[in-house]
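Notes follow once the structure below has been shown.
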Amino acid sequence: MIISNRTFIVSGGISGLGLATAKAIVAQGARVALLDRNEDLGREVSSSQFEPASARFYCVDVTDADDIERVVGEASRWAADAGYPLGGCVCAAGVAFASTTLDSSGDPASIDTFKSVVDINLIGSYALATFVASSLAHQPPLESEPDHERGAIVLVSSVAGLEGQKGQAAYGASKGGVASLVLPLARDLARWGIRVNAIAPGVFETPMAGPMPNRVKQKLVSQLEFPQRFGQPEEFADVVLALFRNGMLNGTVIRLDGATRMGKI
Ligand SMILES: NC(=O)c1ccc[n+]([C@@H]2O[C@H](COP(=O)([O-])OP(=O)(O)OC[C@H]3O[C@@H](n4cnc5c(N)ncnc54)[C@H](O)[C@@H]3O)[C@@H](O)[C@H]2O)c1
């Protein structure tokens, strides 16, 4: 897909991996709709880090399907009116969460918290991908796309969804669910000319990783083969661009992790 002169929706687009991705998309001559629940940061980031014509902030909680539908509709109209048709989305909104299944007294962790992590990371990603796919399906494919591709969706899994560590039952299940969504979504959406892929990052330097104690950070980094460092958000954004551009990339979960295989900690 040709990225320039299209519009892409990026949830979590005002922080960390989503923000770096939004900037990389805009640098290709495209527009971004930045979706996030943090209204103050959203207004600040969209006005200070983007030209008004290239980015628009939409305040939305991805756990609210009606709100996602409304916002995707607004962003699609913004895209069409500007002559930058919708090209897809990156579902990067998410929360980290760590808690062992039983506490030190043998009592169970909160089921409501487990549900809330799954609601944001898994169901929120599915809902956004679905509404974006529907918008793309109602939009004619561009003549300039040789495969008549309508667009592409990038989900964000995690190595924790593949090798979850202690304390990651909720987070790991939510991200494993995201990885499992990729192939059925790619198959469902193939007839509409929409590709679906995911990236499973290892450890990246973003506000999400910030609060981790240094001891934990060092332990995580020591599990990388090479290079032994946190990934940079721009390295994540590079892969998103490749997933948008390369029409043969479909139905795949790409690990982006310096050959990490998470062991027990
Ligand atoms: N940083 C890492 O090491 C790493 C590793 C693997 C996967 N990931 C995943 O990458 C994605 C981006 O993470 P990041 O590191 O950039 O984190 P981040 O905290 O910098 O950004 C996440 C954004 O999501 C938003 N958000 C959270 N819940 C939301 C909701 N209900 N509705 C709307 N917005 C919501 C937050 O406000 C925030 O702006 C997440 O899904 C995360 O799980 C991150």
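The values are calculated or read from the model by the stated rules, or taken from the named source; none is laboratory data. Remember, predicted model here, so these are calculated numbers, not experimental data. Reconstructed Cβ throughout: ideal geometry from the backbone, glycine too, with neighbour counts over all protein chains shown. These area figures cover heavy atoms from the full protein model, side chains too; ligands, DNA and RNA do not enter into them. Shrake-Rupley method; radii C 1.70, N 1.55, O 1.52, S 1.80 Å.
Tabulated data
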{"quantity": "Peptide ranges 33-41, 94-102 listed from the most packed, as the mean C-beta count within 10 angstrom indicates", "calculated": "33-41, 94-102"}
{"quantity": "Long-range HN-HN contacts of G231 with modeled amide H, under 5 Å", "calculated": "V203, F204, E205"}
{"quantity": "Candidate lysines - alpha carbon under 24 Å from K175, same-chain residues fewer than 8 apart omitted", "calculated": "K115, K166, K217, K219, K264"}
{"quantity": "Most to least accessible of L185, L142 (protein chains only, probe 1.4 Å)", "calculated": "L142, L185"}
{"quantity": "5 angstrom amide H check on D64, placed H, neighbours 5+ away", "calculated": "none"}
{"quantity": "Farthest toward positive dipole pole in the chain [+1 Lys/Arg, -1 Asp/Glu at C-beta], among V90, V253, A237", "calculated": "V253"}
{"quantity": "Directionally averaged projected area (convex hull, Cα atoms, the chain), nm²", "calculated": "13.8"}
{"quantity": "Cβ-based net charge around M262, under 13 Å, with every Lys or Arg adding one and every Asp or Glu removing one", "calculated": "+3"}
{"quantity": "Cα centre as origin, Lys/Arg/Asp/Glu Cβ charges: segment 7-256 dipole, Debye", "calculated": "560"}
{"quantity": "Extension gain (nm, one decimal) between K115 and R43, 0.36 nm per residue minus Cα-Cα", "calculated": "23.0 nm"}
{"quantity": "For segment 251-256, Karplus couplings with θ = phi - 60° (6.51, -1.76, 1.60), whole Hz, Gly/Pro x", "calculated": "x, 10, 10, 9, 6, 10"}
{"quantity": "Residues whose placed amide H lies under 5 Å from that of F57, excluding near-sequence neighbours", "calculated": "L34"}
{"quantity": "Carbon plus sulfur fraction of accessible area for the chain, probe 1.4 Å, in percent", "calculated": "53"}
{"quantity": "Per-residue ³J(HN,Hα) for segment 164-175, Karplus 6.51 cos²θ - 1.76 cosθ + 1.60, θ = phi - 60°, Hz, x for Gly and Pro", "calculated": "x, 9, 3, x, 10, 4, 5, 5, x, 5, 5, 7"}
{"quantity": "DSSP beta bridges in the chain [antiparallel fraction, %, rounded to 5]", "calculated": "5"}
{"quantity": "Computed over segment 7-256: relative contact order in percent, which uses C-alpha pairs under 8 Å that are six or more apart", "calculated": "20"}
{"quantity": "For segment 43-58, 3J(HN,Hα) per residue [Karplus equation, 6.51 cos²θ - 1.76 cosθ + 1.60, θ = phi - 60°, Hz, x = Gly/Pro]", "calculated": "5, 5, 5, 5, 7, 8, 10, 9, 6, x, 6, 9, 8, 9, 8, 10"}
{"quantity": "For segment 202-265, alpha-carbon Rg relative to the globular expectation (2.2 N^0.38 Å, N residues)", "calculated": "1.26"}
{"quantity": "Estimated distance in nm for a label pair at L183 and K219, the labels positioned 7 Å out from Cα along Cα-to-Cβ", "calculated": "3.3"}
{"quantity": "Computed helical MRE - 222 nm, the chain, DSSP H runs ≥ 4 contributing -39500 (n - 2.57), nearest 500", "calculated": "-12500 deg cm²/dmol"}
{"quantity": "Rounded accessible area per residue of the chain, 1.4 Å, Å²", "calculated": "47"}
